[in-house]
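Here the structure comes first, spelled out in structure tokens, and everything after it is commentary.
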Amino acid sequence: MQSIEQEKINQLDLLFNTKMNTERGLAMSKYMKGLFPFYGIDATNRRSLQAQWYPFLKELTQESKKHLIKELWAKEEREFHYAAIDLLNKTTLSNIEVNDAVLLEWLITNQSWWDSVDAIASNYLGKYIQKFPEEGKKLIEEWRYSDNLWLRRSCLIFQLKYGNGVDFELLKSLILQFQHEKEFFIQKAIGWSLRQYSKFNPESVRSFITEIHLKGLAHKEASKYL
């Protein structure tokens, strides 16, 4: 017997097929280094199709939605992963639960590329840590020493939407730890996190990048608004 989650995925699959564009799909896959196949649906059309799909999900419990997210993540086409992220990020603050950390780590470390990691880390992870600061602190302390690139990147960018509420001392300690790591996605994240915070506290950012002699890509990104 088909699970209710699989039934919902089949409904979304039918919708996606109405806008499939093979040529665009090949180009999208090439842009993503051939890591994922695509239906070839642009973001505007995909979100429009998802809006038609959401009413079918009203009967699902929060637990069922999380199962659905994991099953979407197991699909090959990248549009299913984007749908999973959008569904995840629609979760209201009141429905974010402390054990969601397990799901977040699984999503970040599977089907991983910058597009999925950034969308999760700067949204749901950021809200999770704001709601559960003690658990979030433990999570970041664990992830910052992980061998997994995407968990380390997530440590740097989860505060992107915190505005002036960024824990700058934490961010500085992470940057000092990762400053000499040559990985492109880490250097980019260092610069991005500082550039974003410089909108609210430019003098602190300017002083910090001078103090630590930040160089290269990270410096270029961090100093864009300074």
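Nothing in this text is a laboratory measurement; each read-out follows from the coordinates by a stated rule. Keep in mind that what you see is a predicted model, and the values were worked out from it rather than measured. Ideal geometry is used to build each Cβ from the backbone, glycine not excepted, and the neighbour counts take in all protein chains shown.
Out of segment 193-226, which trypsin sites (Lys or Arg not before Pro) are coil in DSSP terms and have no more than 16 other C-beta atoms within 10 Å?
Numbers: sites: Arg195, Lys199, Arg206, Lys215, Lys220, Lys224; in loops: Lys199, Lys215, Lys224.
When the trypsin sites (Lys or Arg not before Pro) of segment 193-226 are filtered for loop state and at most 16 Cβ neighbours within 10 Å, Lys199, Lys215, Lys224 remain.
In debye, nearest 20, what is the charge dipole magnitude of segment 157-226 about its Cα centre with +1 on Lys and Arg Cβ and -1 on Asp and Glu Cβ, if you could check?
300 debye
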**Fill in**
Taking Cα pairs closer than 8 Å and at least 6 residues apart, the relative contact order of the chain in percent is 12 percent
**Fill in**
Taking the dipole of the chain about the Cα centre (Lys, Arg +1; Asp, Glu -1; charges at Cβ), the one of Leu72, Asn21, Tyr145 that reaches farthest to the positive side is Asn21
**Per-residue HN-Hα couplings for segment 175-192 [Karplus 6.51, -1.76, 1.60; θ = phi - 60°; Hz; x = Gly/Pro]** = 5, 4, 5, 9, 3, 9, 6, 7, 4, 3, 5, 7, 4, 4, 5, 4, x, 5
**Complete:** Checked against the positive end of the charge dipole of the chain (+1 on Cβ of Lys and Arg, -1 on Cβ of Asp and Glu, about the Cα centre), the farthest of Tyr225, Trp53, Phe178 is Tyr225
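Just the projected area, averaged over all directions, of the convex hull on the alpha carbon atoms of the chain: how many nm²?
Working: hull surface 53.4 nm².
Over all viewing directions, the chain projects a mean Cα-hull area of 13.4 nm².
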**Asked** Which angle from 0 to 90°, rounded to the nearest 10, does the C-alpha axis of helix 43-53 make with the longest principal axis of the chain?
**Response** 50 degrees
**Message:** Apply the a/c threshold of 1.5 to the C-alpha gyration tensor of segment 115-191 and tell me whether it is rounded, prolate or oblate.
**Reply:** rounded
**Complete:** Dividing the surface of the Cα convex hull of segment 1-90 by four yields a projected area in nm² of 5.8 nm²
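Quote the charge dipole size of the chain about the Cα centre in Debye, to the nearest 20; the model charges only the Cβ of Lys and Arg (+1) and of Asp and Glu (-1). Walk me through the numbers on the way to the answer.
On the way: 31 positive and 29 negative charges, 158 e Å.
It comes to approximately 760 debye.
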**Request:** For segment 138-143, take each phi angle, set θ = phi - 60°, evaluate the Karplus expression 6.51 cos²θ - 1.76 cosθ + 1.60, and give the result in whole Hz per residue in order, putting x for glycine and proline.
**Result:** 5, 4, 5, 4, 6, 5
**Message:** Give me the extension gain from Asn45 to Gln11: residue separation times 0.36 nm, minus the current Cα-Cα distance, reported in nm with one decimal.
**Reply:** 10.6 nm
